[in-house]
């Protein structure tokens, strides 16, 4: 457990439809941005940059559960959903893609959410 | 004398007299998180708030959702062709029923169904059916089936939200006994309804998140003293000295006279000018004067320091022409220029240096905005 923070650097993401960008201090704020955009536009969000150490050290894999397990050591109180989404962007996954995968895993009981938008493997 | 903090922090309520130095809303009303919570009730829970465009839902069962503050609403066209609104909350145990559905991508449903325990409602909000487990007491040894009286449809209907319209614009009001929309809108209603706004189709939507309080942008929209220095491309075709800002009870109109006459085909309205309508609290109608179409803005707060500008554009066809695309781009340029300005202003306000701003004599529209906010807080 070395980090626990998601605030190492600004996170930048953009709307896939319009290119509108957002810069946030936490990765989970990008998730909040995604939800607000989806509510009004039904569009997805792509990552532009996320220079967080956990993201850069995360394995490049399509397997969300595997990536979550690898990130878990770094976050004592759960992996921020936005950090996981940023790590998955290395495989070209959008925020919406990762949230859909996470939802499926949750519904299958394969991960748990100790608090809202923070994940841990089962 | 400028009211700086901390040397002179004795702010006062917005003076009704614009020539007084306390003619602006104190800065704390732009930066205090508690004020954001207050506004959800005192402003967005009390006045008529724009929900969306009726053309988005033309068939029975067509719907979209809208979130205003913490309130989530379904706007649906019923079988009598009426646009109605209901809280997106099940009468059973309060579950959110329908997924967020933007006006730009509306859904259609034969009935409103809660996915939790499958309570279903007609499009007029009446409870239509419940599963059999609500009509018999098989799991409860203390009751017989005869003890279960069933659910009365109308007594267990959805909570309806007051709706009314100005032409195709659908508005909501969450107050128990709201002032009629016609009263809040005044002459705005007849003026907008005199134009064929319903004949235009939604073409595109831009949503921008901006780092300032929603009233900061509202104030910027409401005056053009800043235009000469900051919108140099736009004002090349505008005669600012001949323009006029008209203030009414709950709306104000910015009349911008064009330098040279524009073809009648390039306007919806008769006057040879651009007309920008601001309708308290957070809706605008933009009649550009140089496009056969119009735009609307919703200035939706996210929190005390951020808002979403939801910009919708309407033209004769939802597929825009090249000229219309170019027009929208010009409009977007104006927005971006304004975002820079209001974020700079908000950075200053957030610093806490200024206790109360002061308005100029030609910022009487902003004065009206600030007065309405003050009145709402005190109500």
Please label the shape of the range B:41-93 as rounded, prolate or oblate, based on the square roots a ≥ b ≥ c of the eigenvalues of the alpha-carbon gyration tensor (a/c under 1.5 means rounded; beyond that, a/b larger than b/c means prolate, else oblate). oblate
Partner chain coverage, peptide B:207-214 - average Cβ within 10 angstrom: 3
P(r), alpha carbons of the protein assembly as shown - 10 Å bins starting at zero, rounded %: 4, 16, 24, 25, 19, 9, 2, 0, 0
Taking the range B:49-166 and dividing mean pair separation by its residue count, relative contact order in percent (alpha carbons under 8 Å, at least six apart): 23
Whole Å is fine, so just give me how far the alpha carbon centre of the range A:52-122 lies from that of the range B:313-341. 38
Among B:139, B:354, B:192, which one shows the highest mean-square fluctuation when chain B is modelled as a Gaussian network with alpha-carbon springs under 10 Å? B:139
Shielding score for A:36-47, defined as the mean number of other chain Cβ atoms within 10 Å: 5
Normalised alpha carbon radius of gyration of the range B:49-166 [divisor 2.2 N^0.38 Å]: 1.18
If each residue of separation counts as 0.36 nm, what is the full-extension length gain between residue B:70 and residue B:82 once their alpha-carbon separation is subtracted? 1.8 nm
On a full-extension model of 0.36 nm per residue, what is the gain between residue B:246 and residue B:334, subtracting their alpha-carbon distance, rounded to one decimal in nm? 29.5 nm
Folded to 0 to 90 degrees: helix B:364-378 orientation relative to chain B principal axis, Cα: 40
With a ≥ b ≥ c from the Cα gyration tensor eigenvalues, square-rooted, and the rule rounded for a/c under 1.5, otherwise prolate when a/b > b/c and oblate otherwise, the range A:73-122 is oblate
In whole angstrom, how far apart do the alpha carbon centroids of the range B:204-252 and the range B:107-146 sit? 50
Crossing angle, helix A:95-107 versus chain A [Cα axis fit, 0-90 degrees, rounded to tens]: 40
Mean residue ellipticity (222 nm) of chain B, computed from DSSP H runs ≥ 4 via -39,500 (n - 2.57), nearest 500: -6500 deg cm²/dmol
Could you work out, residue by residue across B:123-132, how many beta carbons of other chains sit within 10 Å of that residue's beta carbon, and then give the average as an integer? 0
Per 5 Å bin, what is the whole-percent P(r) computed from every C-alpha pair distance within the range B:257-360? 2, 10, 17, 20, 18, 13, 9, 6, 4, 1
Pick out which of B:24, B:54, B:182 has the largest mean-square fluctuation in a Gaussian network model of chain B, springs linking Cα atoms closer than 10 Å. B:182
Inter-label distance, nm, simple model (7 Å from Cα along the C-beta direction), residue A:23/residue A:73: 3.3
Contact order normalised by residue count of chain B, Cα under 8 Å, 6+ apart, percent: 22
Could you list log10 I(q)/I(0) for chain A at q = 0.21 Å⁻¹, which the Debye formula gives when each Cα is one point scatterer? -1.19
Helix B:33-42: angle to the longest alpha-carbon principal axis of chain B, degrees 0 to 90, nearest 10? 70
Percent RCO, i.e. relative contact order, over the range A:11-121, from Cα pairs under 8 Å lying at least 6 residues apart: 26
I'd like the per residue volume of the convex hull spanned by the Cα atoms of chain B, given in cubic angstrom. 156
Please find, in a Gaussian network model of chain B (springs between Cα atoms separated by less than 10 Å), the residue of B:241, B:257, B:101 whose mean-square fluctuation is greatest. B:241
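Every number here is computed from the coordinates shown, using simple stated rules; none is lab data. Computed from a predicted model, the values in this text were never measured in an experiment. A quick note on method: Cβ atoms are made from the backbone with ideal geometry, for glycine too, and the neighbour counts reach across all protein chains shown.
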